[in-house]
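Engineer: Sharing a structure here in structure tokens format.
The values are calculated or read from the model by the stated rules, or taken from the named source; none is laboratory data. Fair warning: this is a prediction, and the values are worked out from it, not measured in the lab. Backbone-built Cβ (ideal geometry, glycine too); neighbour counts: all protein chains shown.
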Amino acid sequence: MMTLDDKKSLINRYLQAYNALRVREMIDCLDVEIIFENYQADQLTHQIKGIDGFEKQATEALAYFSERNQRILHWEEKTDCLEVKIAFRATAAQDLPNGIKKGQEIQFEGQSTFYFTDQKISKIIDRS
């Protein structure tokens with residue numbers, strides 16, 4: 001059973017790897033059956049099941065931003081998960097399909113919910 005400190009430490013490792021653009025280190029924090037879901041305005045916009053799909057998407061996403069940073073603003077422990085309020089900031093490395101232009105800075109706050117299995121992150125739900 002993971003303690004709250006164990007969960008926070010694992011999330012911090014994952015986010016440090018994310019911020020440093022190190023996909024392999026991100027993957028090391030994840031369960032092989034990882035589920036990733038992204039919601040915008042309560043609508044599911046992206047879903048990935050399995051570590052191979054996650055690694056493929058994470059590697060492709062490296063081209064989107066010249067730098068990116070997720071910073072934890074607040075933790076909230078729930079019965080079966082840990083909810084984290086996150087500040088996101090990035091600079092687009094290319095023109096993106098949503099109209100964001102190369103060099104444009106993006107900033108917003110969102111929430112990520114992390115679930116855990118066998119000392120790994122087993123599900124991530126991002127909401128913005």
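Okay, residues lined up against (1) over 19 Å from residue 120 (Cα atoms); (2) loosely packed, with under 13 Cβ neighbours inside 10 Å; (3) under 12 Å from the mean Cα position of the chain (by Cα):
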{"site": "17", "(1), (2), (3)": "no, no, yes"}
{"site": "32", "(1), (2), (3)": "no, no, no"}
{"site": "41", "(1), (2), (3)": "yes, yes, no"}
{"site": "54", "(1), (2), (3)": "no, no, yes"}
{"site": "86", "(1), (2), (3)": "yes, no, yes"}
{"site": "100", "(1), (2), (3)": "yes, no, no"}
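Engineer: Looking at the structure I just gave you, is residue 72 within 18 Å of residue 121 (Cα to Cα) and surrounded by 16 or more Cβ atoms within 10 Å (Cβ to Cβ)?
Structural biologist: no
Engineer: Which residue out of 10, 82, 21 is surrounded by 15 or more Cβ atoms within 10 Å (Cβ to Cβ) and in contact with a Lys or Arg (Cβ under 7 Å, 6 or more places away or on another chain)?
Structural biologist: So the residue among 10, 82, 21 that is surrounded by 15 or more Cβ atoms within 10 Å (Cβ to Cβ) and in contact with a Lys or Arg (Cβ under 7 Å, 6 or more places away or on another chain) is 82.
Engineer: For the range 28-59, give me each residue that is among the β-branched types (Val, Ile, Thr), farther than 23 Å from residue 75 by Cβ and touching a helix residue (DSSP H, G or I) at 6+ places or on another chain (Cβ under 6 Å).
Structural biologist: If the condition is that a residue be among the β-branched types (Val, Ile, Thr), farther than 23 Å from residue 75 by Cβ and touching a helix residue (DSSP H, G or I) at 6+ places or on another chain (Cβ under 6 Å), then 32, 48, 59 are the ones that fit.
Engineer: In this structure, is residue 35 modelled with pLDDT of 95 or more and under 17 Å from residue 109 (Cα atoms)?
Structural biologist: no
Engineer: Turning to a different aspect of this structure: Restricting attention to strands (runs of 3 or more DSSP E) lying wholly within the range 1-110, give those where 1 or more residues are touching a residue at least 60 places away in the same chain (Cβ under 8 Å).
Structural biologist: Of the strands (runs of 3 or more DSSP E) lying wholly inside the range 1-110, those with at least 1 residues that are touching a residue at least 60 places away in the same chain (Cβ under 8 Å) span 30-40, 65-77, 82-92.
Engineer: Looking only at residues in the range 73-128 that are farther than 18 Å from residue 26 by Cα and of a type in the set (Ser, Thr, Tyr), which one is modelled with the highest pLDDT?
Structural biologist: Looking at the filtered set, the residue picked out is 91.
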